[in-house]
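All remarks here apply to the structure that follows.
Taken together, the values in this text are just the output of simple stated rules run on the coordinates, not laboratory data. Since the structure is predicted, the reported quantities are computational estimates derived from the model, not experimental observations. Backbone-built Cβ (ideal geometry, glycine too); neighbour counts: all protein chains shown.
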Amino acid sequence: MTYTKDEIIAKSREVANMIAETEEVDFFKRAEAQINENQQIREKIASLKSLQKQAVNFQHYGKERALELIEKKIQKIEEEIDNVPIVQEFKQSQADVNALLQMVSTTIANQVTNQIIETTGGDLLRGETGSKVRSTNYGKIK
């Protein structure tokens, strides 16, 4: 059976919807909501963004000493934010969702490769398609 690109895109949307309904994504959404509801974290993030803008300006105008001071303040605020338990959980949930997406992507790539090898009569253990096996054993196609 041959599939069209549109059919493949439709199936990939189905898989995306399945991923969006996993425990990992659900936890990610809840953690993000808790962060957004936390006034202290919101204030620190706003401060961080302001300092980052200042850092860009200082860098642009070559104000090295001022840039160093701002970068230290930025690092301190980032550490404060990172030490909040819900932020740590949020970052872990991001990593979990990314790992799931990577696993799906790798699985698809491996399966496509294996299908090509198998349908061309290739060698899965060597990772060679049938065309490579035939050209090695029989010479070039005339």
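Tabulated data for the structure shown
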item: Unsatisfied cross-links (Cα-Cα over 31 Å) in the set Lys11/Lys44; Lys29/Lys76; Lys29/Lys73; Lys29/Lys49; Lys53/Lys91; Lys29/Lys53; result: Lys11/Lys44
item: Residue-averaged [θ]222 nm for the chain, counting only DSSP H segments that reach four residues, each worth -39500 (n - 2.57); result: -28000 deg cm²/dmol
item: Residue-by-residue Karplus 3J(HN,Hα) for region 103-118, coefficients 6.51, -1.76, 1.60, Hz, glycine and proline x; result: 5, 5, 4, 5, 4, 5, 4, 5, 5, 4, 4, 4, 5, 5, 4, 5
item: Principal-axis tilt of helix 23-37 within the chain, Cα atoms, nearest 10 degrees; result: 20
item: Additional length obtainable on full extension of the chain from Lys72 to Ala95, 0.36 nm per residue less Cα span; result: 5.6 nm
item: √(5λ) per eigenvalue of the Cα gyration tensor, the chain, largest first, Å; result: 49, 24, 13
item: Estimated vicinal HN-Hα couplings, Hz - region 89-100 in sequence order (Karplus 6.51, -1.76, 1.60; Gly, Pro = x); result: 5, 4, 5, 5, 5, 4, 4, 5, 5, 4, 5, 5
item: Under Karplus coefficients 6.51, -1.76 and 1.60, residue-wise ³J(HN,Hα) of region 68-73 in Hz, glycine/proline x; result: 4, 5, 5, 4, 5, 5
item: Using alpha-carbon coordinates, inclination of helix 5-20 to the longest axis of the chain, degrees; result: 50
item: Contour minus Cα-Cα distance for Lys53 and Ala33 (0.36 nm per residue); result: 4.7 nm
item: Added length on full extension, which subtracts the Cα-Cα distance from 0.36 nm per residue, Glu7 to Asp123; result: 38.9 nm
item: Ranked list, fewest to most other Cβ atoms within 10 Å of each Cβ, for Ile116, Ile74; result: Ile116, Ile74
item: Separation in nanometres of the label points that stand 7 Å from Cα toward Cβ, at Lys63 and Met103; result: 4.8
item: Along each principal axis, Cα extent of region 39-83, largest first, Å; result: 34, 15, 10
